[in-house]
Amino acid sequence: MMGAEVIKVGSARRPDPSTRGAPFQAYNQSKLYAALNISRPEGLELAMRLVSVSDVVIENFAAGVIERLGLGYDALRQAKPDIIMLSSSGTGHSGPDKDYVAYGSLLQYYTGWNAISGYPNSEPIKGGLWADPWVGMELAMVAAAALNHRAVTGEGNYVDFSMAEALTASIPEALLDYQMNDRVPELMGNADSQHCPHNVYRCKGSDRWLAIAVTSDEEWRALCGVIGWHDLSDDPSLADAKGRREQQHKIDAAITEWTQHHEDYEAMGVLQDAGIPAVPYLSPQRVFTDPQLREGGFFTTLTASRKEVSTMAVQYEKQGSIAYVTIDNPQKANILDRQTSDEMAEVWKEVWDDRDVRVAILTGKGDRHFCAGHNLATRPDITPEERERIRSEAIFWPPVRHCERRGANRC
């Protein structure tokens, strides 16, 4: 955490079940871990020894629990007088709700966050903001402030900073709007209170969308020029954001009419070249295979239990009407092991559901790669006219020289 040495202390008697999950590994990178049984005197003594060489102690128990364990602030000060202690229970250690049980997903409702997130005339969204990571980030800032205070005064500190407070601090505009204007925000989906157009638009292909945010009148005129809306560009009622917000449904329909005939990345390129903020909506798999993060070295290969762990076994890329599916497991000759099979099932479902895909190519990486092509003209739902067009436009890829190992099928 921000250059600090962090030791996460768990229970030896009641292990945290989340330690077996991927989020635990992601959120606790670079931390040390110790499991203690503080119900025994020697375990409590070890905890106090850790406190004596630490600067900050952060605890997330319900109100009163840490004191009953013998590790309250007064007890910690005996081990180190200038210790900083941060408590972050669900609703805090004081007030009428302090003894209520609280979890991150529930606190999103309790603190008003979910009440301003969702679509008009519908229920509030479920989830959306990950409460635990957000609160952890806030606690890091509180810890830095407390350390700065100690550097100036030489004094330690106790801070009761509940998860509810951290989440409520994430919606200052809504709170101030009610406080000063007696106004409660309305649900607006992907729209924005200031900018328009501001939404996500369907593109060509299965579950392909493009997010567009026009933040100035200049960008609006550029958008009209790209799409060829001369009538809308000249409409004085749409000249500013206020007028556009009043007719946002009309504008959204017009944008969708254009985007649905374009691939998401293609549309992004056209709009970005014109200075219009636009990005595609990406599934986790497409994020993983996106060249932007890969070129920057964001994804790396790790080693666990003395075995190299590959990032992902199956990669998917679409170019026009051709889907390229690549097995990236050359160290195992691209065999269909459990991980590869599971990922392959997801990829093929996406390929099959995409009505724009006409040819699917399966190949593998490494010196034992292979290739298998499947012509989607055999799909039972393809009309005779479509089948004939596919046959006339068929493209065979990759070349035969890529299919020479281990008797692989020829393309």
Quiz item: In this structure, is N190 out of contact with any Cys (no Cβ under 8 Å at 6 or more places or on another chain), without any contact (Cβ under 8 Å) to a residue 60 or more places away in the chain and closer than 30 Å to Q272 by Cα?
Solution: yes
Quiz item: Do we have E173 as acidic (D, E) and farther than 23 Å from G320 by Cα here?
Solution: yes
Exercise. Kindly indicate whether E317 is loosely packed, with under 15 Cβ neighbours inside 10 Å, in contact with a strand residue (DSSP E or B) (Cβ under 8 Å, 6 or more places away or on another chain) and modelled with pLDDT of 75 or more.
Key: yes
Quiz item: In the stretch 141-166, which residue that is farther than 18 Å from V51 by Cα, of a type in the set (A, V, I, L, M, F, W, C) and in contact (Cβ under 8 Å) with a residue 12 or more places away in the chain is surrounded by the fewest Cβ atoms within 10 Å (Cβ to Cβ)?
Solution: V142
Practice problem: Only helices (runs of 4 or more DSSP H) wholly contained in the stretch 58-168 count here; list those with 3 or more residues that are over 27 Å from A4 (Cβ atoms) and either polar (S, T, N, Q) or in the same structural domain as R14 (by TED's automatic domain parsing) (or both). | Solution: 104-110
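So that you can scan it fast, the table gives a plain yes or no per residue for (1) free of Cβ contacts under 8 Å to residues at least 12 places away in the same chain; (2) basic (K, R); (3) exposed (fewer than 15 other Cβ atoms within 10 Å of the Cβ):
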site: Q25; (1), (2), (3): yes, no, yes
site: Y33; (1), (2), (3): no, no, yes
site: A47; (1), (2), (3): no, no, no
site: V51; (1), (2), (3): no, no, no
site: V57; (1), (2), (3): no, no, no
site: R68; (1), (2), (3): yes, yes, yes
Quiz item: If you check S88, S105, which single one turns out to be surrounded by fewer than 19 Cβ atoms within 10 Å (Cβ to Cβ), in contact (Cβ under 8 Å) with a residue 12 or more places away in the chain and among the polar types (S, T, N, Q)?
Solution: S105
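The values are calculated or read from the model by the stated rules, or taken from the named source; none is laboratory data. Quantities reported herein were computed from a predicted structural model and do not represent experimental measurements. Here Cβ is always computed from backbone atoms with ideal geometry, including for glycine, and neighbour counts include all displayed protein chains.
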